[in-house]
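The values are calculated or read from the model by the stated rules, or taken from the named source; none is laboratory data. Model, not experiment: these values are computed from the prediction. Here Cβ is always computed from backbone atoms with ideal geometry, including for glycine, and neighbour counts include all displayed protein chains. Please note that ligands, DNA and RNA were not included when accessible areas were found on the heavy atoms of the full protein model with its side chains. Shrake-Rupley method; radii C 1.70, N 1.55, O 1.52, S 1.80 Å.
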Amino acid sequence: MSMQQVPSHRRVVVGVDTHKYVHVAVAIDDLGTVLDDRSFVADAGGYAQLIDWAASFGGKLIFGIEGTGSYGAGLAGAVRRRGIGAMEVVRTDRRDRRLRGKSDTIDAENAAKAVLAGLATAVPKSADGVVEMIRQVKVAKDIAVKARTSAMISLKQVIVNAPDALRQELQPLSKMALINRCAGLRPGRVTTVAAATKHTLRAIARRWQQLNAEIVEHEKILTDLTSSAAPELAKAFAVGPDTAAEMLIVAGDNPERVRSEAAFARLCGVAPIPASSGMTTRHRLNRGGHRQANAALYRVVIVRMQHHEPTKAYVARRTAEGKTKAEIIRCLKRLLARELWAAMRPIRDARQSLPNAA
């Protein structure tokens, strides 16, 4: 297709289907007419070429980018630094793919049309500040926690199949006593089954100790970062560094993109959804949103139900009204999301006071 110029008062929407090595872009005008399509290398030079190509059409430029949290993160950052608007586009639904087929160009065109139709309204995370630092450390910690859990499971499984004398010695021990005892085993030369088992147990126990030390270091960094980013959030009852990190990660480094407390609750998957029909008026639990944030809210609610007097009083009152435990937990999660959103207000205000915050 030949490139066309668009009058300055009309919009040009560029949809981008992002991949690891190549991004495919399609430009359309505000009537939905395809202006041109191109492929660009997914690196800094390619981003600049893509933006220059898009700007060459004239008009009011806006981008619709797929995968702004993965392969599209670099392009989204480059677009933002050029002062151009960008929207995050979710993958096309399967019904449309069955009807129209699939290609990178079709996906890019669908991304542009989603922005044009007002279906894509989410502003990408900026991923350029303290919250991105928190997210990176949280990734490292979560991987280490998973590996530590796997090491403990493997250790206990080896003990189940160990020679009788060794098994009887180790099975009654508590977790930390078991780790320390196994880490101090001296198998000697591996010439028997018992020696081989001790060698394996010592290796797994020492791996657990190394992972545990790594996790402690990650937790210290998360505590420092979350406390500096949102002090009120970190001080909330039963909100530890993990929960504070999850809340900040959901909001992102540019929390002003989340337009309201209700939108934040929806992101966390705790906004009730209407499920009424006929004479029945009811709401159901939202199964969408950020699942890790939802789980973090659940953990805080469970702790508060046991140790937080205002929460215990609320539970007693709602129980007397006939609410089930599941319904009460849903309500508490919604209230907690409101409380934590208010605790993040200082970081939102600080961002909104910046001249380039958008």
Inset, instruction - Over segment 198-254, give the accessible area per residue in Å² for a 1.4 Å probe, as an integer. - result: 43 Å²
Inset, instruction - For helix 44-55, report the angle its Cα long axis makes with the longest principal axis of the Cα atoms of the chain; keep it between 0 and 90° and round to the nearest 10°. - result: 30 degrees
Legend entry - Degrees between helix 104-116 axis and first principal axis of the chain (Cα, 0 to 90, nearest 10): 70 degrees
Inset, instruction - On the protein heavy atoms, probe 1.4 angstrom, tell me the percent of accessible surface of segment 136-243 carried by carbon and sulfur. - result: 54 percent
Inset, instruction - Please figure out what share of the DSSP beta bridges in the chain is antiparallel and state it in percent, rounded to the nearest 5. - result: 60 percent
Inset, instruction - Treating cross-link reach as a plain straight distance, find the aspartates and glutamates whose alpha-carbon is under 12 Å from the alpha-carbon of residue 60, omitting any fewer than eight places away in the same chain. - result: 29, 30
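Is the C-alpha gyration tensor of segment 51-149 telling us rounded, prolate or oblate? Criteria: a/c under 1.5 is rounded; beyond that, a/b larger than b/c is prolate, otherwise oblate. Show your work: numbers first, answer last.
Numbers: a/c = 2.87, a/b = 1.44, b/c = 1.99.
The shape class here is oblate.
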Legend entry - Probe 1.4 Å, accessible area per residue of segment 72-139, Å²: 54 Å²
Legend entry - Only Lys, Arg (+1) and Asp, Glu (-1) charged, at Cβ; the chain dipole about Cα centre in debye: 1560 debye
Inset, instruction - Could you please state, rounded to a whole Å, how far the C-alpha centre of segment 177-226 is from the C-alpha centre of segment 75-145? - result: 41 Å
Inset, instruction - With a 1.4 Å probe and every protein chain left in place, tell me how much accessible area residue 193 has, in Å² to the nearest 10. - result: 110 Å²
Legend entry - Total lysine pairs under 25 Å (Cα atoms) in segment 204-358, excluding pairs fewer than 8 apart on one chain: 8
Inset, instruction - Mind pulling the angle between the C-alpha long axis of helix 241-251 and the longest principal axis of the chain? Nearest 10 degrees, somewhere in 0 to 90. - result: 10 degrees
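Just order 272-281, 142-151 by mean Cβ neighbour count inside 10 Å, highest at the front, would you? Walk me through the intermediate numbers first.
Details: 272-281: 9.1, 142-151: 15.4.
Ranking the peptides 272-281, 142-151 by packing returns 142-151, 272-281.
How would 68, 191 line up by accessible area, probe 1.4 Å, largest first? Walk me through the numbers before you get to the answer.
Working: 68 15, 191 100 Å².
Result, largest first: 191, 68.
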Legend entry - Added length on full extension, which subtracts the Cα-Cα distance from 0.36 nm per residue, residue 117 to residue 190: 19.4 nm
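Per-residue counts of other Cβ atoms within 10 Å, averaged by peptide: what ranking do you get for 163-174, 203-214, 247-258, highest first?
Descending mean neighbour count gives 247-258, 203-214, 163-174.
Starting from the Cα gyration tensor of segment 227-287, multiply each eigenvalue by 5, take the square root, and state the resulting semi-axes largest first in whole Å. Walk me through the intermediate numbers first.
Details: eigenvalues 182, 36, 14 Å².
That gives 30, 13, 8 Å for the three semi-axes.
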Inset, instruction - Ignoring everything but the protein chains, give the 1.4 Å probe accessible area of residue 103 in square angstrom, nearest 10. - result: 40 Å²
